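Chemist: Handing you a structure now.
The values are calculated or read from the model by the stated rules, or taken from the named source; none is laboratory data. Here the structure is a predicted model, which is why all the values come from computation and not from measurement. So basically every Cβ, Gly included, is an ideal-geometry build from the backbone, and we count neighbours across all protein chains shown.
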Amino acid sequence: MSGLHELERTILALTGVMAAETKAFQAQDLVGAAALAPAKQAAVTAFLMARGALTAEELRPIASQLAVVVDRLRDGVRENRALLEQAIAVQGRVVQTLAVAAKRSTPAAGNYGRSAGAFSPLAISVRA
């Protein structure tokens, strides 16, 4: 396989993984997005190795196309970063809500056989 074909293959693989990660972030599937991390790291490494294996002479004919692809990859990274930051913010609000709910747990009415100062149970549903 020629170096240019290998570079094209790695670009397609990286683009595919990033698209899957973006889709997972959009669905707020953080577990799914995190599961893609090893594949994304492997795709980035393969892309960098394929790019590094080509000489300037070999890259000259495709330099403008490669620049466009790299710009698109950067755009994808920016979108993923924004979606990740949004997911982290939502997760922070959920944790804060749980902390407030746990803090507001009040002493049980009548105690029902428990010692004075016992707290009411707190139930949390994790279903979306």
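Chemist: Within segment 67-104, can you find the residues that are part of a helix (DSSP H, G or I) and basic (Lys, Arg)?
Modeler: Arg72, Arg74, Arg78, Arg81, Arg93, Lys103
Chemist: Ok, one more. Need the failing condition index for Glu6 against (1) surrounded by 13 or more Cβ atoms within 10 Å (Cβ to Cβ); (2) within 17 Å of the chain's Cα centre (by Cα); (3) touching a residue at least 40 places away in the same chain (Cβ under 8 Å), just the number.
Modeler: Unmet condition: (2).
Chemist: Another one. Let me confirm something: among Ala87, Ala43, which residue is modelled with pLDDT under 90 and either loosely packed, with under 11 Cβ neighbours inside 10 Å or not polar (S, T, N, Q) (or both)? Walk me through it before giving the result.
Modeler: Values: Ala43 fails: modelled with pLDDT under 90.
Being modelled with pLDDT under 90 and either loosely packed, with under 11 Cβ neighbours inside 10 Å or not polar (S, T, N, Q) (or both) holds for just one of Ala87, Ala43, which is Ala87.
Chemist: Return the pairs, sorted by first residue and then second, in which the second residue is outside any helix (DSSP H, G or I) and surrounded by 14 or more Cβ atoms within 10 Å (Cβ to Cβ), the first residue lies in segment 13-42 and is of a type in the set (Val, Ile, Thr), the beta carbons are less than 8 Å apart, and the residues are 6+ apart or on different chains.
Modeler: So the pair list comes out as Val17/Leu36.
Chemist: Further, regarding this structure: Filter segment 95-124 down to the residues that are surrounded by 12 or more Cβ atoms within 10 Å (Cβ to Cβ) and under 30 Å from Phe25 (Cβ atoms), then identify the one that is modelled with the lowest pLDDT.
Modeler: Ala101
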